[in-house]
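Colleague: Quick one: the structure is below, and I'll ask about it shortly.
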Amino acid sequence: MQTFLFALEVSLNGLMAGVLYSLVALGFVLIFKASGVFNYAQGVMVLFAALTFVGLQQGIVPFEHLINTIFGTNIHGFGWTLPTFFALLLTLVTMVILALLVERIILRNLVNQNPVILFMATIGLAYFLEGFGDLMWGADVKKLDIGIPMGISDTVERFTFETIGYGFFIDRLDITAAIFATVLVVGLIIFSQYSKMGIALRAVADDHQAALSVGISLQQVWVYVWCIAGFVALIAGIFWGSKSGVQFSLSFVALKALPVLMLGGLTSISGAIVGGLLIGVGEKLFEFLVGSLIGGATENWFAYVVALVFLLFRPQGLFGEKIIERV
């Protein structure tokens with residue numbers, strides 16, 4: 001009985017992590033559906049959004065290290081901190097500006113180009129944003145605090161079974177992140193299904209030429225979807241940064257989103273959600289049940305093995321569209 005309850009606790013923690021995996025994967029799905037571009041830079045967008053947020057929140061002077069090196073000054077911050085709400089608002093404005101620049105400088109000049117060229121462009125964008133974020137905010141690890149309680153939840157801790165004295169232990173931050181991510185995911189689903197822009201997004205995803213013929217602006221749709229992806233990256237960056245600190249390894253969160261995409265399907269919003277939950281629960285349970293038998297650390301590779309199996313037997317994923325071409 002106690003083993004079952006412990007497995008249940010592990011699964012709950014896996015669900016919490018899975019929601020955050022889904023959140024990162026959604027950024028990939030939204031951009032791919034709208035433009036056919038696999039945005040390699042999505043993980044770095046998570047990092048850049050988190051760096052910008054914590055930099056504004058802590059009153060760091062942008063490019064202060066570069067300014068000090070060039071001019072011999074000794075600038076170390078503005079000497080004040082910014083309230084979380086205003087830092088969030090300014091970061092969101094920054095991500096919108098980034099979306100506008102990406103559409104104007106990159107996408108608009110690569111319309112109708114080979115998808116490989118667009119993919120290579122996002123690789124360049126990823127390295128540019130990583131280096132630009134380093135210059136702008138510094139490479140040191142930054143603590144991100146948005147006022148969310150951390151540590152073991154008292155409410156969950158009191159949920160015990162008197163006969164065996166067992167309780168569930170779930171971090172407060174994970175619970176809050178899961179709630180916010182769930183609300184955001186539901187909002188995105190409603191937006192894509194019922195809003196005018198969401199319908200336009202689905203039309204563009206189905207057929208670019210047909211969408212153009214009925215008066216839908218590809219440029220406008222691309223700007224909207226990159227703005228939404230930037231907002232998703234901001235939320236994911238805030239919660240992942242709160243868990244592990246804002247550091248450049250944060251961009252590797254996107255690597256865990258790749259198996260989620262392979263499992264759920266690259267073109268499916270619901271697939272990104274289900275895939276994230278399955279990967280989150282699966283890696284925790286596999287570590288709990290099998291990890292000790294094969295040396296542990298299975299969470300580092302379990303998701304990629306699952307993705308490989310799906311690529312072999314169902315390359316479109318659980319919810320992806322099967323493409324049949326005449327040859």
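Colleague: Between (i) 169; (ii) 154; (iii) 185, which entry matches volume of the Cα convex hull per residue in Å³ as derived from the coordinates of this structure?
Modeller: Computed from the coordinates, volume of the Cα convex hull per residue in Å³ corresponds to (i).
Colleague: For a protection proxy built on the mean count of beta-carbon atoms within 10 angstrom, sort 59-65, 27-33 highest first, please.
Modeller: 27-33, 59-65
Colleague: Under the rule of at least 5 residues apart or a separate chain, name every residue whose amide H is placed under 5 Å from the amide H of VAL61.
Modeller: Amide H neighbours of VAL61, under 5 Å, 5+ apart: GLY77, PHE78.
Colleague: Ranked highest first by average number of other Cβ atoms within 10 Å, how do 257-265, 71-79 line up?
Modeller: So the order, starting with the most tightly packed, is 257-265, 71-79.
Colleague: Straight-line reach only, C-alpha to C-alpha below 18 angstrom: list the lysines that LYS143 could link to, leaving out same-chain residues fewer than 8 apart.
Modeller: Result set, ordered by chain and number: LYS243.
Colleague: Sticking with this one: Given VAL46, ILE189, PRO62, which one lies farthest toward the positive end of the charge dipole of the chain, if we put +1 on the Cβ of every Lys and Arg and -1 on the Cβ of every Asp and Glu?
Modeller: Result: ILE189.
Colleague: First select every other residue whose beta carbon is under 13 angstrom from the beta carbon of VAL46; then total the charges, Lys and Arg +1, Asp and Glu -1.
Modeller: Cβ neighbours under 13 Å give a net charge of +1.
Colleague: I'd like to know how the range 232-287 sits against the 2.2 N^0.38 Å rule of thumb: what's its Cα Rg over that expected value?
Modeller: Ratio of Cα Rg to 2.2 N^0.38 Å: 1.19.
Colleague: LYS196: which lysines have alpha carbons under 20 Å from its alpha carbon, excluding same-chain residues fewer than 8 sequence positions away?
Modeller: LYS33
Colleague: Then there's this: Per 5 Å bin, what percent of the C-alpha pairs of the range 1-145 does each bin hold, from zero upward?
Modeller: Per 5 Å bin, starting at 0, the Cα pair percentages come out as 2, 8, 13, 17, 15, 13, 11, 8, 6, 3, 2, 1, 0, 0.
Colleague: How far, in nm, would the chain grow between LEU90 and LEU312 when pulled straight, counting 0.36 nm per residue and subtracting the alpha carbon separation?
Modeller: Additional length available on full extension: 75.5 nm.
Colleague: Rounded to whole Hz and in sequence order, give me ³J(HN,Hα) for the range 236-251 from the Karplus expression 6.51 cos²θ - 1.76 cosθ + 1.60, θ = phi - 60°, writing x for Gly and Pro.
Modeller: After applying 6.51 cos²θ - 1.76 cosθ + 1.60, I find 4, x, 5, 6, 5, x, 5, 6, 10, x, 8, 9, 6, 5, 4, 5 Hz.
Colleague: Could you give the length gained on full extension between ILE190 and ILE117, defined as 0.36 nm per residue of separation minus the Cα-Cα distance, in nm?
Modeller: Difference between extended and current length: 23.0 nm.
Colleague: By the gyration tensor of its Cα atoms, with a ≥ b ≥ c the square roots of the eigenvalues, what is the shape of the range 190-327: rounded for a/c under 1.5, prolate for a/b over b/c, or oblate?
Modeller: oblate
Colleague: Then there is this: Return the calculated 222 nm mean residue ellipticity for the chain, to the nearest 500 deg cm²/dmol, obtained by summing -39500 (n - 2.57) across DSSP H runs with n ≥ 4 and dividing by the residue count.
Modeller: It comes out at -22000 deg cm²/dmol, rounded to the nearest 500.
Colleague: Could you run the Karplus curve 6.51 cos²θ - 1.76 cosθ + 1.60 with θ = phi - 60° over the range 264-281 and give me ³J(HN,Hα) per residue in whole Hz, x for Gly and Pro?
Modeller: Values, residue by residue: x, x, 6, 10, 10, 5, 5, x, 5, 5, 5, x, x, 5, 5, 5, x, 5 Hz.
Colleague: Something else about it: For the range 18-27, take each phi angle, set θ = phi - 60°, evaluate the Karplus expression 6.51 cos²θ - 1.76 cosθ + 1.60, and give the result in whole Hz per residue in order, putting x for glycine and proline.
Modeller: Those phi angles translate into x, 4, 6, 4, 4, 5, 5, 5, 4, x Hz.
Every read-out reported here was derived from the displayed coordinates using simple, explicitly stated rules and does not represent laboratory data. Computed from a predicted structure; not experimentally measured. Note that we place each Cβ from the backbone using ideal geometry, even for glycine, and neighbour counts take in every protein chain shown.
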